[in-house]
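Here's the structure, in structure tokens; my notes come after.
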Amino acid sequence: MVRKIIWTVLAKESRRDILSYWKTKNGSSTYSKKLNQQFRECILHLTRFPNLGKTSGFNEIGYLIVDAYKIYYKVKPNNIVILLIWDGRRNPDDLKRVLLNL
């Protein structure tokens with residue numbers, strides 16, 4: 001069953017910040033476009049195979065790994081809620097605080 005994707009405000013902001021960072025750092029949008037395409041493809045696979053990702057241990061939240069990033073999501077009966085895209089190189093304690101507040 002294909003589920004609908006719902007992006008939280010936090011997920012949209014984190015994706016935008018990541019893509020903007022790479023565009024500024026590289027002086028080009030080439031890598032940002034490639035990374036965004038990777039995010040989209042992983043999420044598309046998730047709509048068809050909701051058990052594809054790993055469990056995070058926080059409130060039934062799963063995640064997928066894309067390069068150095070983790071896409072955190074929650075599977076609902078008719079949709080998948082994208083909660084956050086997190087840079088895996090960031091402080092894990094900060095991530096715990098964010099996930100506990102979702």
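The values are calculated or read from the model by the stated rules, or taken from the named source; none is laboratory data. All values reported here derive from a predicted model rather than from experimental measurement. Note: ideal-geometry Cβ built from the backbone for every residue, glycine included; neighbour counts use all protein chains shown.
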Among the numbered criteria (1) of a type outside the set (Lys, Arg); (2) assigned to a loop (DSSP other than H, G, I, E, B); (3) within 9 Å of the chain's Cα centre (by Cα), which one does ILE71 miss? (2)
Report, by residue number, each residue of the stretch 33-85 that is more than 24 Å from LEU100 (Cβ to Cβ) and among the acidic types (Asp, Glu). GLU41, ASP67
Kindly indicate whether any position in the stretch 46-53 is closer than 15 Å to LEU10 by Cα, among the aliphatic types (A, V, I, L, M), buried (at least 17 other Cβ atoms within 10 Å of the Cβ) and within 15 Å of the chain's Cα centre (by Cα). no
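I need the full set of residues from the stretch 54-74 which are among the polar types (S, T, N, Q) and surrounded by 13 or more Cβ atoms within 10 Å (Cβ to Cβ), in order please.
Result: SER56, single match.
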List every residue pair whose Cβ atoms sit under 6 Å apart, with the two residues 6 or more apart in sequence or on different chains, where the first one lies in the stretch 46-61 and is under 18 Å from ASP93 (Cβ atoms) and free of Cβ contacts under 8 Å to residues at least 60 places away in the same chain and the second, anywhere, is of a type in the set (Ser, Thr, Tyr) and not in a loop (DSSP other than H, G, I, E, B). SER56/TYR63; ILE61/TYR72
Every pair of residues 6+ apart whose Cβ atoms lie under 7 Å, when the first sits in the stretch 1-23 and is under 14 Å from PHE39 (Cβ atoms) while the second is surrounded by fewer than 16 Cβ atoms within 10 Å (Cβ to Cβ) and among the aliphatic types (A, V, I, L, M): none
Working only within the stretch 1-32, note down all residues that are farther than 20 Å from LEU102 by Cβ, surrounded by 13 or more Cβ atoms within 10 Å (Cβ to Cβ) and of a type in the set (Phe, Trp, Tyr). TRP22, TYR31
Name the residue that is farthest from LEU95 (Cα to Cα), counting only residues in the stretch 2-45 that are assigned to a helix (DSSP H, G or I) and aromatic (Phe, Trp, Tyr). TYR31
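Going by what's in this entry, would ASP93 be described as at positive phi and either within 12 Å of the chain's Cα centre (by Cα) or at pLDDT below 95 (or both)?
Working: at positive phi: no; either within 12 Å of the chain's Cα centre (by Cα) or at pLDDT below 95 (or both): yes.
So ASP93 does not fit the description; no.
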Take the stretch 75-89 and flag every residue that is within 20 Å of ARG16 (Cα to Cα) and either aliphatic (A, V, I, L, M) or surrounded by 11 or more Cβ atoms within 10 Å (Cβ to Cβ) (or both). ILE80, VAL81, ILE82, LEU83, LEU84, ILE85, TRP86, ASP87, GLY88
Is it the case that some residue within the stretch 47-56 is at negative phi, in a helix (DSSP H, G or I) and out of contact with any Asp or Glu (no Cβ under 8 Å at 6 or more places or on another chain)? yes
